[in-house]
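Single-structure report; data block below.
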Amino acid sequence: MKGTVEAEQAKQRQGENFLISSGHHNSQEISFLSSRLRMALATVAFALIFSTNLSTARAQQKRLAADERQVVDTVTTIFTAARTDDVAKFDSVIATDFYIFDGGVRFNGEAIMAFIKAQHVAGKRYEWNITEPDVHISGNTAWIAYVNTGSVTDASGTVNQKWLESAFLQKHASTWKVVFMHSTRAPMLSQGTLANRTRL
């Protein structure tokens, strides 16, 4: 009888140990699954944030590229208007307080267009082309530096010419306007002179 009771007690203790052991393993499994779940959620959250930031960066780059193109196009319109004496087109892309330094002289919009028109009447024709544009944009302001490559034609013939130029622009109601320009005629160097300057 005593042996039977002791056997029953032993079985009971084994059962309790099994339950305790099972509970311990289940706790470990739950803890492990919980850690994996947190890692998975963190990975998903990081991926979403990275994807959002990447999309935002791409949108900003695309918007910046579009603005840079608009800046170049706005300055190009100045030359297109000046080439054809189109005052209305010229005025459409300049600010009301626009002025330009050209050849050591300050001109406002009206004065520079009158000067160019007088040159046309005298038989001169100009060709201007923006090359090597370097555009910098900060909010609603921008500046551009570029090499204006073109020519001057009169009765004696055509002479190729380059001007080193820059412009400052402001955005008004989503439209870029030229506020200031500066133009310096680049000396046309012979090959010998250029070689000598390169060696300096």
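The values are calculated or read from the model by the stated rules, or taken from the named source; none is laboratory data. Owing to the predicted nature of the structure, the values given are computational and were not obtained by experimental measurement. Backbone-built Cβ (ideal geometry, glycine too); neighbour counts: all protein chains shown.
Mind listing just one residue for me: the one in the stretch 122-137 that is acidic (Asp, Glu) and either modelled with pLDDT under 95 or within 23 Å of VAL159 (Cα to Cα) (or both) and, of those, surrounded by the most Cβ atoms within 10 Å (Cβ to Cβ)?
As a first pass, look at the stretch 122-137 and keep what is acidic (Asp, Glu): 127, 132, 134.
Among the residues that remain, those that are also either modelled with pLDDT under 95 or within 23 Å of VAL159 (Cα to Cα) (or both) are: 127, 132.
Values: GLU127: 15, GLU132: 9.
Among those that are acidic (Asp, Glu) and either modelled with pLDDT under 95 or within 23 Å of VAL159 (Cα to Cα) (or both), it is GLU127.
Given the conditions (1) surrounded by 12 or more Cβ atoms within 10 Å (Cβ to Cβ); (2) at pLDDT 95 or above, which single one is not true for ALA186?
Unmet for ALA186, out of (1) surrounded by 12 or more Cβ atoms within 10 Å (Cβ to Cβ); (2) at pLDDT 95 or above: (2).
Just give me the residues in the stretch 82-107 being free of Cβ contacts under 8 Å to residues at least 60 places away in the same chain and acidic (Asp, Glu), in sequence order. Step through it out loud before you land on a result.
Residues of the stretch 82-107 that are free of Cβ contacts under 8 Å to residues at least 60 places away in the same chain, as a first pass: 82-92, 96, 104-107.
Once the filter is applied, which keeps residues that are free of Cβ contacts under 8 Å to residues at least 60 places away in the same chain and acidic (Asp, Glu), the stretch 82-107 yields ASP85, ASP86, ASP91.
Which residue, of VAL93, VAL87, VAL105, is modelled with pLDDT of 95 or more, closer than 21 Å to THR149 by Cβ and of a type outside the set (Ser, Thr, Tyr)? Spell out how you get there, then give the answer.
Working: VAL87 fails: closer than 21 Å to THR149 by Cβ; VAL105 fails: closer than 21 Å to THR149 by Cβ.
On inspection, the qualifying residue turns out to be VAL93.
Within the stretch 123-177, track down each residue that is within 17 Å of the chain's Cα centre (by Cα) and not in a strand (DSSP E or B).
Residues satisfying the conditions are GLY139, ASN140, SER174.
What number goes with the only condition from (1) of a type in the set (D, E, K, R); (2) modelled with pLDDT of 95 or more; (3) surrounded by fewer than 13 Cβ atoms within 10 Å (Cβ to Cβ) that ARG199 does not pass?
It fails just one condition, (2).
So for the stretch 155-171 (the condition being under 18 Å from ASP86 (Cα atoms) and surrounded by 11 or more Cβ atoms within 10 Å (Cβ to Cβ)), does at least one residue qualify? Let's see the steps before the verdict.
First, pick out the residues of the stretch 155-171 that are under 18 Å from ASP86 (Cα atoms): none.
The answer is no, given that none of the residues of the stretch 155-171 is under 18 Å from ASP86 (Cα atoms) and surrounded by 11 or more Cβ atoms within 10 Å (Cβ to Cβ).
For the stretch 68-83, state whether one or more residues are touching a Lys or Arg at 6+ places or on another chain (Cβ under 6 Å) and at pLDDT 70 or above.
Residues of the stretch 68-83 that are touching a Lys or Arg at 6+ places or on another chain (Cβ under 6 Å), as a first pass: 81.
Okay, now just the ones that are also at pLDDT 70 or above, so 81.
Taking every residue of the stretch 68-83 in turn, at least one turns out to be touching a Lys or Arg at 6+ places or on another chain (Cβ under 6 Å) and at pLDDT 70 or above.
Select from the stretch 83-121 the residues that are surrounded by 14 or more Cβ atoms within 10 Å (Cβ to Cβ) and of a type in the set (D, E, K, R) and write down the one among them that is farthest from ALA173 (Cα to Cα).
ASP102
Condition first: in contact with a strand residue (DSSP E or B) (Cβ under 7 Å, 6 or more places away or on another chain) and aliphatic (A, V, I, L, M). Now tell me which residues in the stretch 89-129 satisfy that.
VAL93, ILE94, ALA95, ILE100, ILE112
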